[in-house]
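Reviewing the structure listed below.
The values are calculated or read from the model by the stated rules, or taken from the named source; none is laboratory data. If you're wondering where the values come from, they're calculated on a predicted model, not measured in any experiment. Because the Cβ atoms are built from the backbone with ideal geometry, glycine has one as well, and the counts that use them run over all protein chains shown.
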Amino acid sequence: MSFAQFEREIGSERTREKVCAARKKGRYTGGHPPIGYNIDPASHQLIVNPGEAEMVRELFRLYLDRRSLIEVVKEVNARGWTKKSWQNAKGVYKNGRPLEKVYLQRILINPLYIGRVTLHGDVYEGLQEAIVDEETFRQVQELLVANRNGQSPGPGTRNKHGALLRGLIKCGACGSALGHTYAKRGPKLYRFYVCTARVKRG
């Protein structure tokens, strides 16, 4: 019995080592497929699901706009969006449920969406195609940290300068929303609106 237990432990250790080696090479190692991707039945690797990928990108955009996890959750649930629906290896269909705050946060912090994989806190280049650009991902991480530390104003104070056109006007060149900002010179504020696409992408 002791020898059998030893063999099981050795087998488990080898399996863990194999999984770790695969992750370091950027390979998908199984489990629930993340929203935005499907599993290629031939290679067993992640391939982009176009419809879900656009949904993921919209979640990142909404968070940068609303600056609140719960406000994004309310918005997407009102749109009827759900978690990923998928069929497991046994042929059992898993129907997606409404999103919640924790699920949204897991999406927003997952480097999988910029083409990377994680292992024990370390990040490696993944084999899957990125869904979100790195600049957007970086901005979202900074906002998440700021909100967690209480540095980002809540919905009630975010418009403290009385930007009456905030959320109403769009850029005439590209159609993106115009965000309120200001320049400070001494005690005086010079307030104006700027294209959010310009701020994000130059």
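Key figures
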{"quantity": "Failed item, numbered, when His161 is tested on (1) out of contact with any helix residue (DSSP H, G or I) (no Cβ under 8 Å at 6 or more places or on another chain); (2) at pLDDT 80 or above", "calculated": "(2)"}
{"quantity": "Among residues of the range 70-90, those that are at positive phi and surrounded by 12 or more Cβ atoms within 10 Å (Cβ to Cβ), counted", "calculated": "0"}
{"quantity": "Output for the range 79-93, where each listed residue is among the small types (Gly, Ala, Ser) and within 19 Å of the chain's Cα centre (by Cα)", "calculated": "Gly80, Ser85"}
{"quantity": "Scope the range 118-147; condition of a type in the set (Val, Ile, Thr) and in contact with a Gly (Cβ under 7 Å, 6 or more places away or on another chain); matching residues", "calculated": "Ile131"}
{"quantity": "Val145 being within 21 Å of Arg106 (Cα to Cα), touching a helix residue (DSSP H, G or I) at 6+ places or on another chain (Cβ under 8 Å), assigned by TED's automatic domain parsing to the domain that holds Ile107 and modelled with pLDDT of 75 or more", "calculated": "no"}
{"quantity": "Count of the range 8-56 residues which are of a type outside the set (Ser, Thr, Tyr) and modelled with pLDDT under 70", "calculated": "16"}
{"quantity": "Selection status of Tyr93, of a type in the set (Phe, Trp, Tyr) and either farther than 27 Å from Ala146 by Cβ or surrounded by fewer than 15 Cβ atoms within 10 Å (Cβ to Cβ) (or both)", "calculated": "yes"}
